[in-house]
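Rule-based calculations on the coordinates, nothing more; no lab input. Remember, it's a predicted structure, so these values are computed and weren't measured experimentally. Please note: Cβ atoms are built from the backbone with ideal geometry, for glycine as well, and neighbour counts cover all protein chains shown.
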Amino acid sequence: MFSSGQLIFASFFVVAFTLIIVYSYRKDRKDQEEYFKGSFKIILFMMGLLFSLFLIKVYTQK
């Protein structure tokens, strides 16, 4: 489906993108504390939603 080069690029991209997002979030959180109240709950909800969609996909395939 994908070549090995595409998979390597995708994995590096995901890791780099995640690190940049985490760095930016932590930097902004220090500067603007009042805007980030409750954001952890939203992140957990989104991760739970993605996980539940994955489970639905896995268990509904034949």
| field | Cut-off 14 Å between beta-carbons: net charge of the residues surrounding Glu33, Lys and Arg +1, Asp and Glu -1 | value | +2
| task | Mind giving me the FRET efficiency for Arg26 and Phe51? R0 is 25 Å, r the Cβ-Cβ distance, nearest 0.05 is fine. | result | 0.60
| task | State, to one decimal in nm, how far the label point of Thr60 lies from the label point of Val14, with both points 7 Å from Cα in the Cβ direction. | result | 2.2
| note | Looking only at aspartates and glutamates whose Cα falls under 16 Å of Lys41's and that sit 8 or more positions away or on another chain, we get Glu33
